[in-house]
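The values are calculated or read from the model by the stated rules, or taken from the named source; none is laboratory data. Bear in mind the structure is a predicted one, so any value in this text is a computation, not a measurement. Glycine gets a Cβ as well: all are built from the backbone with ideal geometry, and neighbour counts include every protein chain shown. When the accessible area is computed, the model is the full protein with side chains, heavy atoms only, and any ligands, DNA or RNA have been set aside. Shrake-Rupley method; radii C 1.70, N 1.55, O 1.52, S 1.80 Å.
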Amino acid sequence: MKHWKKIGLAAVLSISLIAAGCSSKAGDAETGETDQPGEDKPIEIATNASTWDIPTEDGNPTQKYLEERYSVKFVNMRGNDENFKVMISSGEIPDILPHNITEADMTNWARQGVIASISVDEIKQYMPNYVKQVEEVDPNAWDVGFIDGKNYGVPRIWLNGAYGFIPTYNGEWLKAIGYDAPPKTLEELEDVLTKFRNNDPDGNGKKDTYGMTGRGKDVRTQMFNSIYAAYGVNPYHFMLSEEGTVTWGGITEKAKEATKLLRQWYKDGLIDPEFMTDDGALIGQKWSSKKIGYLDHNMYHHLFGGQETDKKNGITPVYGKGLIGPAGKSLVMSNGALQVPLLFGKEVEKDEAKRIKILQMLEDLVTNDEAYLRSVFGEEGISYDLVDGAVVMKEPYASSVDDARLMGYGGYYNPLVERAPGMWKYHFTKEKLEFREKANEGMDTISDVLGPTSMVSKGKYWATLITLQDEFYTKAIIGNDDLDATFEAFKNQWLKTGGQEVLDEATAIYQARQAAK
């Protein structure tokens, strides 16, 4: 007997499915069973909420605990990263989908009738505490799941994403050049970088140090992000124009002016000439070996985790704030907290009892301490201990994925793990939480105005547009041409090569979201 739902997808997926469109739960023709009126059977929930934390066995301890707690019966579908989309295409649709669905898949499945639309009001009714926490982090959390006038899924956030990238300096170098505090303005940063390059801050008698480098190889959205943030822009983000329409950061005057400054710094030797081929790992090596004295691509959790390594290398990191520049205030770039929502199969839309049960269960899983700890970490004293209020995993569970999967805890039965701010206390020590608050104090963030959004026009033009922009910005920083003229030519080409269509669609999406509020 198959324990998942099959829905007819031939019309929407162009796949010929025989016998699709009927439920194969108890009571169908396959088994010959019938549900008698008045029987109090547990609601059956087919879950594939994770493609990673897949439990080894059915009836594992976590499953049994949750089934008893919520009077449900879980059917464990075991789609992984390699075969989950194949399962969807063949009509095997879980009630709860995995956490790592892309925005493109979400939009396609919404329009193909694969996933359930659920009203915002209903989610707020049955998940009030979770919704309150999410909206406090980002009041626009509902935007991502809004497709063609309907809401799909429960909003999800990644709390770390709400924080920015923190300017970080080699403390010994700062003292060597006469600074007792990190720079506060863009002009002060220029002075610091100049002296990091020219004043022998490591004292070895050689001119072999640079102020900074950039992630030109792997994550260009983070390249020189603190400089662009001082101008109020990220070249790789959507942002609002003065007219209230959506524009692209890379074609704005703000981005051009910031690039002019970077060109001058590059010409003056403040930027490592290898920035075009540097990635996160190489930047870390150059920092540790004291070849550069300034970083702007780390968030607080990266910095917290790197403290011991810095200590071993004789580096005292000094954490600064966003640099005040033309934007007029301390700004840092942020990835943004918004993520693709937690999605549900189409059958959940049709089955009110199941839908309400799932929402109530999710609310409890992320707002009740006992339920959260049991579903995410296992059993206290067996798989984990609480030390000063934070979870510390015990062996063999701390190092063995197999043991964790035997017990069934993690993200498989709790698809909102690490998504409820009220439960983050269990994931972080007191020291880490204090570090987070201190390092991020007093900084405003800038992030993409749309967040993760699937767009038809991006599917047609985005690869070409990004390649065009990558090539322009690299040449713009290292070149000697008339930057005003070449920027205008790049902007016009970007708009003509599908960019204007992208902006039109982005503006329509933004305005539809605003109208729905």
Scope the range 337-361; condition open to solvent by 10 Å² or more (accessible area, probe 1.4 Å), outside any helix (DSSP H, G or I) and out of contact with any His (no Cβ under 9 Å at 6 or more places or on another chain); matching residues: 338, 351
Count of the range 472-494 residues which are farther than 12 Å from residue 276 by Cβ and either within 28 Å of the chain's Cα centre (by Cα) or open to solvent by 40 Å² or more (accessible area, probe 1.4 Å) (or both): 13
Only listed residue being touching a Leu at 6+ places or on another chain (Cβ under 8 Å), modelled with pLDDT of 95 or more and outside any helix (DSSP H, G or I), chosen from 269, 328, 322: 322
The listed residue being at pLDDT below 95 and aliphatic (A, V, I, L, M), out of 104, 181, 176, 116: 104
Within the range 153-205, considering residues that are of a type in the set (S, T, N, Q) and surrounded by 22 or more Cβ atoms within 10 Å (Cβ to Cβ), the one nearest to residue 359 (Cα to Cα): 168
Candidate set: the range 225-251, residues that are of a type in the set (Phe, Trp, Tyr) and assigned to a loop (DSSP other than H, G, I, E, B); chosen: the one farthest from the chain's Cα centre (by Cα): 231
Selection from the range 434-471 of residues that are in a helix (DSSP H, G or I), open to solvent by 50 Å² or more (accessible area, probe 1.4 Å) and farther than 30 Å from residue 109 by Cα: 434, 437, 438, 471
Residue selected from the range 401-430 under the condition open to solvent by 50 Å² or more (accessible area, probe 1.4 Å) and among the charged types (D, E, K, R), by the criterion nearest to residue 372 (Cα to Cα): 418
Selection count where residues are at pLDDT 95 or above and polar (S, T, N, Q), scope the range 452-479: 3
Of all residues making up the range 102-117, the number that are under 23 Å from the mean Cα position of the chain (by Cα) and open to solvent by less than 40 Å² (accessible area, probe 1.4 Å): 8
Residue ID - surrounded by the most Cβ atoms within 10 Å (Cβ to Cβ), chosen from residues in the range 368-397 that are among the small types (Gly, Ala, Ser) and touching a helix residue (DSSP H, G or I) at 6+ places or on another chain (Cβ under 9 Å): 375
Total residues in the range 345-390, condition among the aliphatic types (A, V, I, L, M) and at pLDDT below 95: 2
Out of 290, 254, sole residue that is touching a residue at least 24 places away in the same chain (Cβ under 8 Å), over 24 Å from the mean Cα position of the chain (by Cα), open to solvent by 30 Å² or more (accessible area, probe 1.4 Å) and over 18 Å from residue 222 (Cβ atoms): 290
Any hit, the range 275-290, residues being farther than 19 Å from residue 480 by Cβ, in contact with a Lys or Arg (Cβ under 9 Å, 6 or more places away or on another chain) and not in a helix (DSSP H, G or I): yes
Search result, residues across the range 38-66 that are loosely packed, with under 12 Cβ neighbours inside 10 Å and closer than 14 Å to residue 410 by Cβ: none
